[in-house]
Amino acid sequence: MSVSIYYSAKRNSPITTAENVSLLAIADMFNQGFPYKNEGETLSFYRKPSEEYILEGATKLPYCDETIIVESVIYWLKALTHLTSALPTAVWEVQIDDCPASWVDDHWEM
């Protein structure tokens, strides 16, 4: 059994080159710092998002034990908060499998 975080952003204008550089830098920083990268996946974006989205991606969480899962969720929600801040005019959706995360006081939480 696997659990994944899914994330997407949509808006009327495409991602600019500067935004893309920023998004990739944020993803790289968090991917490099993820303590469980040998047990789970890191942030990744789909090459071609669905028609209505400018960005989509998914990250499979490590399925070792409950503590690692919880720590991973907290870590990736922090990363997604940074990504959301890099595209502040986009409408974001973040969910763990079919359970949506909430945007509360400038950050994602479950």
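The numbers here are math on the coordinates, done by the rules we state, and not lab data. Bear in mind the structure is a predicted one, so any value in this text is a computation, not a measurement. Cβ placement follows ideal geometry from the backbone for every residue including glycine, while neighbour counts extend to all protein chains displayed.
Among 38-45, 17-24, how do they line up from the highest to the lowest mean number of other beta-carbon atoms within 10 Å? Spell out each step's value before the answer.
Numbers: 38-45: 16.5, 17-24: 13.6.
Put in order of decreasing packing, that is 38-45, 17-24.
Rank-order 68-75, 80-87 by packing density, defined as the average count of other C-beta atoms within 10 Å over each peptide's residues, highest first. Before the final figure, lay out the partial values.
Working: 68-75: 16.6, 80-87: 19.2.
Descending mean neighbour count gives 80-87, 68-75.
About the Cα centre, and with charges only on the beta carbon of Lys, Arg (+1) and Asp, Glu (-1), how big is the dipole of the chain? Nearest 20 debye, please.
On the way: 7 positive and 16 negative charges, 88 e Å.
Value, rounded to 20: 420 debye.
State the Kirkwood hydrodynamic radius of segment 1-108 in Å, one decimal place, computed from all pairs of distinct Cα atoms.
Numbers: mean 1/r = 0.0708 Å⁻¹.
About 14.1 Å for segment 1-108.
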Taking amide H positions as placed 1.01 Å from N in the peptide plane, with prolines and chain starts having none, which residues 5 or more places from ALA101, or on another chain, fall under 5 Å of its amide H? VAL94, GLN95, ILE96
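Determine, from the Cβ-Cβ distance of ASN38 and ASP98 and an R0 of 35 Å, the FRET efficiency 1/(1 + (r/R0)^6), rounded to the nearest 0.05.
Values: r = 27 Å, r/R0 = 0.77.
Step by step, r from the Cβ atoms, then E = 0.85.
Note the full-extension length gain between THR89 and GLU66 as 0.36 nm times their separation in residues minus their Cα-Cα distance, in nm to one decimal. Present the calculation step by step, with values, prior to reporting the outcome.
Values: separation 23, 0.36 × 23 = 8.28 nm, distance 3.47 nm.
Once the chain is fully extended between THR89 and GLU66, it gains 4.8 nm.
Take the Cα radius of gyration of segment 22-68 and divide it by 2.2 N^0.38 Å, with N its residue count; two decimals is plenty.
Working: Rg = 12.6 Å, N = 47, 2.2 N^0.38 = 9.5 Å.
So segment 22-68 has a normalised radius of gyration of 1.32.
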Using modelled backbone amide H atoms (1.01 Å from N, in-plane), which distant-in-sequence or interchain residues come within less than 5 Å of SER4's amide H? LEU61, ASP97
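Calculate the FRET efficiency for ASN31 and GLU51 from the Cβ-Cβ distance with a Förster distance of 35 Å, rounded to the nearest 0.05.
Values: r = 27 Å, r/R0 = 0.77.
It comes out at approximately 0.80.
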Unit-weight point scatterers at every alpha-carbon of segment 48-110, Debye formula, q = 0.15, 0.17, 0.26, 0.27 1/Å: log10 I(q)/I(0) is -0.50, -0.63, -1.27, -1.33
Relative contact order as a percentage, the chain, C-alpha pairs under 8 Å and 6+ apart, gives 38
Which value at 222 nm does the chain reach when only helices count, each DSSP H run of 4 or more adding -39,500 (n - 2.57), with the total divided by all residues and rounded to the nearest 500 deg cm²/dmol? -12000 deg cm²/dmol
